[in-house]
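The values are calculated or read from the model by the stated rules, or taken from the named source; none is laboratory data. These numbers come from a predicted model, not from an experiment. Glycine also receives a Cβ, built like all others from the backbone with ideal geometry; neighbour counts cover every protein chain displayed. The accessibility values were calculated without ligands, DNA or RNA, using every heavy atom of the protein model including side chains. Shrake-Rupley method; radii C 1.70, N 1.55, O 1.52, S 1.80 Å.
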Amino acid sequence: PKSSSLPSYMKKRGTGGSAAMVGPALMWLGGSLDFGWMARCPRFAELRASPTNERLAEVEMRSLLVSSDARTRDPTLATLFYVPLWEVVSFRVGRCENTTHRDRMRAAWSALRVSPYWKPRRGRPAGADHLLASTGCVEDNLKLSQRLGNLLGPLLIPTIFGRDRAYSPYYKYSGIGRCTVEIPYVSNPHATALRRARGAYPAGDEPFGGALSLSETDDYRAAGLSDEQAAEVVLAAGAALDAARAGGRRRWLLSFQGSMHKDDLCCQPGKDIRRAVARLARAGRDVSIIDVPRNLSRARRVGSYDGGAWARLYEAQAALMVQSNYCLIPYGDTEVTSRLYTAIAAGCVPVVIANRLSGAFASIVPYADLWLKVDQATFLAKPKELLGRLRAISAAGLLERQRALHAHVADVVYDWPDSRVAANFLRTAAAGCEATRVDMPRLASVTYRQDDRRYADDRRSASLWSAECTCVREPPTLWWGPSGEIDRRRRGVWPTEVCRCNHCSTLCEVDNKTIGEGHPAGDGRGGGADGMARSIILRAEHTEHRGDGAGARSRLHHRVTVIASAVTSDARRPGRARTRRKGEGAAA
């Protein structure tokens, strides 16, 4: 469609000097592929009221896209085809209307493979322009591909997937999709309800009926907490609820509610970071750190806990955040957490201790203005120094960040009035996945030398996409942490909101070494310091093969011929070039 006919959020926008991002036209796929009917299932409402709700972005995204101005009924105008699949809901509710989860996944596979829109387009494999969303992580020890099944899972490999993080193809069971886009977890709905109660935005329907309650101590004992733990949780949560309802000045400088025992977490550095957080528990009267043992948080499966203790803690978490100026967002089992988006909904400045956390739609949302990012090693060395640094922030500085939170809350919170989450998802998928070259403020499109040993493992990803990969233009901005020269050769550790190559979380290089196709240095696409670097010419012949048997999966094979010519000063000085290549080999 013409730009003039697009809604305002899809038109070209200035992006700080880089190329504009254009929103796509979307075609909705219904029938057996639309799982909206599952809202009628008896356990759906129970699921939505439980903490599992944080992993139901598939539900929230459908609710926003169903009325999107981007929708079109003309497939010739469609840039993307949306598949409203609810795989987490389907897995969790089990049997419904005489169908099982397995039945529904098989029906979706059958419908999708014969869809008239599931076909190669613009030289790409069938499904490359299809869009899905799921923030389900590990559900009952099953990862995404395992929940989708051995038919639907392989079929969806060429698609674009909105996930809880930007997975590379290394994540064999979770990284379904040739391109993954980080989308927000669903924030705690009680935070939105409490902000409404305080007059933070116009009135409307209360999420989940709105009325908040606090369970008795017995509910927490039944869930496995000791008497002392239960009393502490009830007192802290009750005070937070009362203060949140009353409005007025926020009570806490800093707060956190979650597990802090090392045995409750799976991996490092989460174990050490949470133990350091525990050291802040009695560091000041304006700090609220509440330990919630994992034996309670493991009771997330609907119906697996008595008295709704976890649901009450879910309410208390929101109340605590609404009453805090700063909310701690530490590394746990992983760096990604719904706490980030709940803090934003609560108007609480996130203090992030997770170096690899990107944040959804990071090329659109200026997270450096919203959060305070603390280097993990720096915090582990001096955890209590964090409080002094927070107290040193002026009231004006705090207010500035709170205003930034309010300006961008609609970008990442699904149930906020006039939410822009769906629009941002479409724009990011179009600019980062559908476009031949990535054209985003934070990411660049690069072509790595195929003979570079550091990136040799990306030959596998070529079968799903092409040799065009992504790199991160600049390292994240730290509020508190070490300063100095950044090692741009270190791969896999830099936060990114889109991934379409194995090494997607790698910084773009800015020296003479070639990673692009002759773009001048400083344009964010990675070129030589002398302007034109080694040129990489890739010619790919696409052939599509459909396998036999039940899998019947579509595969795209590329035959890539690489012709590289050295035109930089390194090429004119062979000795220096050999030295550099030797160093690169050692680094690999």
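Annotation note: Cβ proximity below 7 Å between a residue of the stretch 369-383 that is farther than 22 Å from residue 404 by Cα and a residue that is of a type in the set (Asp, Glu) and in a helix (DSSP H, G or I) (sequence gap 6+ or interchain) occurs for 380/272.
Taking helices (runs of 4 or more DSSP H) that do not extend beyond the stretch 350-436, which have at least 1 residues that are within 30 Å of residue 125 (Cβ to Cβ), open to solvent by less than 20 Å² (accessible area, probe 1.4 Å) and of a type in the set (Gly, Ala, Ser)? Once the helices (runs of 4 or more DSSP H) in the stretch 350-436 are filtered for at least 1 residues that are within 30 Å of residue 125 (Cβ to Cβ), open to solvent by less than 20 Å² (accessible area, probe 1.4 Å) and of a type in the set (Gly, Ala, Ser), what remains is 421-429.
Screening residue 435 on (1) among the hydrophobic types (A, V, I, L, M, F, W, C); (2) in contact with a Lys or Arg (Cβ under 9 Å, 6 or more places away or on another chain); (3) under 24 Å from residue 473 (Cα atoms) shows it passes everything except condition (2). Residues in the stretch 245-289 that are aliphatic (A, V, I, L, M), open to solvent by less than 30 Å² (accessible area, probe 1.4 Å), assigned to a helix (DSSP H, G or I) and within 30 Å of residue 192 (Cβ to Cβ): 273, 277.
Among the residues of the stretch 30-42, is any outside any helix (DSSP H, G or I), in contact with a Pro (Cβ under 7 Å, 6 or more places away or on another chain) and either crowded, with 18+ Cβ neighbours inside 10 Å or at pLDDT below 95 (or both)? Within the stretch 30-42, one or more residues are outside any helix (DSSP H, G or I), in contact with a Pro (Cβ under 7 Å, 6 or more places away or on another chain) and either crowded, with 18+ Cβ neighbours inside 10 Å or at pLDDT below 95 (or both). Considering the stretch 1-26, the residues that are touching a Ser or Thr at 6+ places or on another chain (Cβ under 6 Å) and modelled with pLDDT of 55 or more include one that is surrounded by the most Cβ atoms within 10 Å (Cβ to Cβ), namely 24.
Taking the numbered list (1) of a type in the set (Ser, Thr, Tyr); (2) within 29 Å of residue 311 (Cα to Cα); (3) open to solvent by 10 Å² or more (accessible area, probe 1.4 Å); (4) out of contact with any Leu (no Cβ under 9 Å at 6 or more places or on another chain) in turn, residue 185 passes all entries but (4).
Within the stretch 94-129, the set of residues being open to solvent by 30 Å² or more (accessible area, probe 1.4 Å) and either part of a loop (DSSP other than H, G, I, E, B) or touching a strand residue (DSSP E or B) at 6+ places or on another chain (Cβ under 6 Å) (or both) comprises 95, 97, 98, 100, 114, 116, 117, 119, 120, 122, 123.
Taken over the stretch 78-93, the criterion of being touching a strand residue (DSSP E or B) at 6+ places or on another chain (Cβ under 8 Å) and in a loop (DSSP other than H, G, I, E, B) is satisfied by 78, 79, 83, 84, 85.
Residue 157 fulfils the conditions (1) assigned to a loop (DSSP other than H, G, I, E, B); (2) open to solvent by less than 30 Å² (accessible area, probe 1.4 Å); (3) of a type in the set (Val, Ile, Thr) except for a single criterion, (2). Residue 329 fulfils the conditions (1) in contact with a strand residue (DSSP E or B) (Cβ under 8 Å, 6 or more places away or on another chain); (2) open to solvent by less than 10 Å² (accessible area, probe 1.4 Å); (3) modelled with pLDDT under 85 except for a single criterion, (3).
If we scan the stretch 483-490, do we find a residue that is at pLDDT below 80, over 21 Å from the mean Cα position of the chain (by Cα) and of a type in the set (Gly, Ala, Ser)? Within the stretch 483-490, one or more residues are at pLDDT below 80, over 21 Å from the mean Cα position of the chain (by Cα) and of a type in the set (Gly, Ala, Ser).
This table checks each residue for (1) in contact with a Ser or Thr (Cβ under 6 Å, 6 or more places away or on another chain); (2) more than 27 Å from residue 58 (Cα to Cα); (3) at pLDDT below 95.
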| residue | (1), (2), (3) |
| --- | --- |
| 337 | no, no, yes |
| 358 | yes, no, yes |
| 361 | yes, no, no |
| 395 | no, yes, yes |
| 399 | no, yes, yes |
| 411 | no, no, no |
| 414 | no, no, no |
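Restricting the stretch 46-62 to residues that are of a type in the set (Lys, Arg) and within 10 Å of residue 186 (Cβ to Cβ), the residue that is most open to solvent (accessible area, probe 1.4 Å) is 48.
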